[in-house]
Structure formats: C-alpha cells, structure tokens
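To start, the structure under review is shown below, and the notes come after it.
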Amino acid sequence: MKVAEANPAPAGAHAGAPRLAEVIAALSHALDLTEGQPVGHAQRTCAIGMELGERLDLPGEQRRALLYALLLKDAGCSSSAARMTELFAADDLALKHAFKRVDFSSLSEVVAFAARHTAPGSPPLARAAQLLRALRGFRAEGQAIVETRCERGANVVAMLGCPPAAAEAVRALDEHWDGSGRPRGLTGDAIPLLARIACLAQVAEVFHAADGREAAREVVWARRGRWFDPEVADAFLAIRDGAGLWRRLADGEVEGLLAEADDVPEDAADEARLDLIAEAFAEVIDAKSPYTASHSEGVAAYAVAIGERLGMGAEDLRSLRRAGLLHDIGKLGVSNAILDKPGRLTPAEVEAVRRHPRHTFEILSRVSAFADIAAPAAAHHERLDGRGYHLGLAADRLGPMARALAVADVYEALTADRPYRAAMEPERALGILRAEAGTAFDGACVAALGDFAGSRAQP
C-alpha cells in the first residue's frame, strides 16, 4: 500500500488536474461529520478496504471501483438525519456515532441502543413514550432509512462518473452475508464482493478507532459468517500484527493521505468533473433537511445571476457557482435536532449553527481544487458592518464573491419554507435586503438580484 503522493500521474490525466480520488478523499471529511465519526474515518476505512482488495487479488478495475466505493460509502447518509432525529427525538450525529457499533441482528442490542439514545434529557414519562414509538417504528422506519440512504449514495457515486460497480457496492453496503442486512436482504455471493469488503472495512475501522486493533479483530471474528463473508473476514484476520496497515492506522498516517495500491487505475478531476463534484456534494448537503431540499442549487443560481449582472468573468462565475453549491457543506456537522427545530434555539444551539461556516472553510481548504473558494464560501453569513459570523469580517475584508453569496443565501432562505415560518413572497424578501443594503448587504448585489428577480417575474 502506498500513499497517493507516491503515485505517478495517471495515463490520460489532464495536465495540472487533481486526481479524482484525492478530491473525494479530502471532501470525505464532510461525510465523516454527517455520520458523527472522527475525522479521517472514510480514509481509514479506505486504507483497510484497499488492503483487503490487495489480499483478495482484485484486478485493477475492481480495485478502482472499490476505491471510490470506500471513499463515498456515506454519500447517502445525510438523507437519514431528519428521520433519525424524529424517530428517536435525539441528536442524529450522536445517534449515528453509536449506530455503527450496534449489531442489529441482536434484539437485546437494539433495545439497549434505543434505551440509551432516545429522547435524552426528557422527563421519564415522555422519554418512555418516545422509546415505545421508536421501537414500534424502528422496523419500518429502519428499512426506509437504509433504502433511501443506499439509493441516494449510489446515485451520488453514479453522478460522479465512478464505475457502476462502485455504485452497486454503495447500494449494497448494509447487506449481510447471512441475509440479516438491508435493504434487500441479500445473502452470500448475491451481495457484490466490493460491498462485502466495504461493509467489513467500515465496521473494523469504527471498532479500531474506539478501542484498538484487538477490538477490530474481535468484532470481525464474532460477525464472521453472519455479517461478513468468511473469505473477506479471514483476509482481514490474516493481517499480521506488525503490518504497515496497523502502523498507519495507529499513527494517523492516513490523515490527509490516500492509501491505495500502485496499480489502481485513476481518474483526473478536470474542470467539468469538479463541477460535477460540487453538484453531487450539494445534493448530499441539501438531503440533510427537508427544509433545504434545493437550497444550495438556489443559492448558486442566484449568486451567478448577481455575478453576471456585475460583470464577473467566466472563470469567476464558475468559482462563484461552486462556492454557492458548497457554502453549507459545514452544516453536515450540525444536528438536525437543531436545524429542524420549530421553536427558538437555545444559546448553545445558536452557537452550534454559527460554527458551520468554520466547518465549511476547514472542509474546502482540504481540497486543493477548491481552496480558492473556501474563504468566500465560508463568509456567506458575514455582513458589511462586521456584525455577521463566523469571523465578524467587515466590508474591507469581503470580496465580490462573498458579498454575492451573502445576498443570494438570505434571499433563497427567505423565499423557502422553514420549520419556524412559511416562505416569503419574493418582493417582501427583496424589501428586507434593500432595507439593509449598504449596511449589512452590498447595495450593488441587492440591486442585481432585484433586477434578476424582476426579469423572472415578467410575462
């Protein structure tokens, strides 16, 4: 196993273009956030899975598909956040963190999980009632959650142009060797091999991250022949104590690196592919809440409309669109118990929301191809008078992209339904922006948006 930096540029790669897997690996931090997992979970899972692929003698094209399946295995997981929050009346991030350690073929483990995590902090009677609802609804809701998650994840993988086998692996990620998995209850060899590898790799990583190498080996042995393909489990159990994989995992060497074999065919992420990546992750972001089903695409469209009217060039408009699509990627790290709350937020909840631009900056800064949009994307809640967040930047530190995004974000949010209010009419939303033009919002950007909105309203 070698780190990505040691590999030569793939044949046919566009000059200067980053490698697709490197971009996805960097963005996988966002998927770790929405799953409530420590930073690097997806990359460490990738290291384990690619080691298994090597030991199982997978040919190059299969290993290429496995690489993408492992990095994108959680691409559909944001879609489960709202349902899990509602079912358990709890923080979806905490739920998901614990979820990955539960053996759901064991009724006692399911009941214990639900008892620990349902409606924390609620009065005893309310908590008991919610627990009963959760247990009653778990079978049907659990099936729907897994089915939606797997399909959305597979669609994201396909959208990025990854091999069909990668999408199939993500679609079957939660299937188990003995048929106890979901969503289709596949058994044995009917489960795609890459899915069998990915399923074991992610479970092993979760237990390794929490309790070390022996815990990972014990859970694989315990679930061999039930969750896991015996051959894949044996390949994992055969990894020697002194192997490089264990050293990298223990030392954190896979953080920010892509562990893969030298002979895995790779793809370049040219400008068109980078646009697709931004679009795909916008879908991941917006799936987080039913109230943001098209927010990112809307912000991107409004921001570009503003930029066009202000005379931005094609390259800047392309960057602006990507920033609009990805500006809320940090919200994947905010619980739906907060995002979808119908009432007033507590000070602690407000602070959690106000941290999401910082997460956006941290995530996008990891991606060399998106480094130029990290700051403007993260500045979409900043205001000209310095009263915004997360840095409190004032006019002299806010460029054209940040100003356009701020206006586009507010307008799109005001004209969409939210848990605490109905959507506003466009003219009323524009009135709010105009009232603060020159103080909070850039006047030229507000005027440009008004011109765009007016042109759309013409018969």
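Just a few scattered comments:
- In the stretch 116-130, the residues that are closer than 13 Å to Asp92 by Cα form Cβ pairs under 9 Å with partners that are among the polar types (S, T, N, Q), at six or more places apart or across chains, as follows: Thr118/Gln130; Ala119/Gln130.
- Of the residues Leu345, Leu430, Leu405, Leu449, the single one that is in the same structural domain as His295 (by TED's automatic domain parsing), assigned to a helix (DSSP H, G or I) and over 30 Å from Leu276 (Cα atoms) is Leu430.
- Candidates Gly392, Gly388, filtered to the one that is within 18 Å of His356 (Cβ to Cβ), of a type in the set (Gly, Ala, Ser) and buried (at least 19 other Cβ atoms within 10 Å of the Cβ): Gly388
- Hey, Tyr291 aromatic (Phe, Trp, Tyr), closer than 19 Å to Ala416 by Cβ, touching a residue at least 40 places away in the same chain (Cβ under 8 Å) and in contact with a helix residue (DSSP H, G or I) (Cβ under 7 Å, 6 or more places away or on another chain) or not: no
- Verdict on Gly386 being on the phi > 0 side of the Ramachandran plot and either without any contact (Cβ under 8 Å) to a residue 40 or more places away in the chain or out of contact with any helix residue (DSSP H, G or I) (no Cβ under 8 Å at 6 or more places or on another chain) (or both): yes
- Scan of the stretch 212-260 for residues that are at pLDDT below 80, more than 19 Å from Gly53 (Cα to Cα) and among the hydrophobic types (A, V, I, L, M, F, W, C), ordered by number: Ala250
- Residue that is surrounded by the fewest Cβ atoms within 10 Å (Cβ to Cβ), among those in the stretch 304-321 that are under 10 Å from Ala448 (Cα atoms) and among the aliphatic types (A, V, I, L, M): Leu310
- The stretch 336-389: number of residues that are more than 20 Å from the chain's Cα centre (by Cα) and under 25 Å from Ala82 (Cβ atoms): 13
- Some residue of the stretch 177-195 being buried (at least 21 other Cβ atoms within 10 Å of the Cβ), out of contact with any Pro (no Cβ under 6 Å at 6 or more places or on another chain) and at pLDDT below 95: yes
- The stretch 295-332, subset outside any helix (DSSP H, G or I) and without any contact (Cβ under 8 Å) to a residue 40 or more places away in the chain, residue farthest from Glu362 (Cα to Cα): Gly311
- Among the candidates Ala129, Ala158, the residue that is of a type in the set (A, V, I, L, M, F, W, C) and farther than 30 Å from Arg44 by Cα is uniquely Ala129.
- Residue among Ala140, Ala169 that is more than 19 Å from Phe228 (Cα to Cα) and assigned to a helix (DSSP H, G or I): Ala140
- Some residue of the stretch 97-106 being hydrophobic (A, V, I, L, M, F, W, C), modelled with pLDDT of 90 or more and either more than 21 Å from the chain's Cα centre (by Cα) or in a helix (DSSP H, G or I) (or both): no
The values are calculated or read from the model by the stated rules, or taken from the named source; none is laboratory data. Because the structure is predicted, anything quoted here is derived from the model rather than measured. Heads up, the Cβs are rebuilt from the backbone with ideal geometry, glycines too, and the neighbour counts pull from every protein chain shown.
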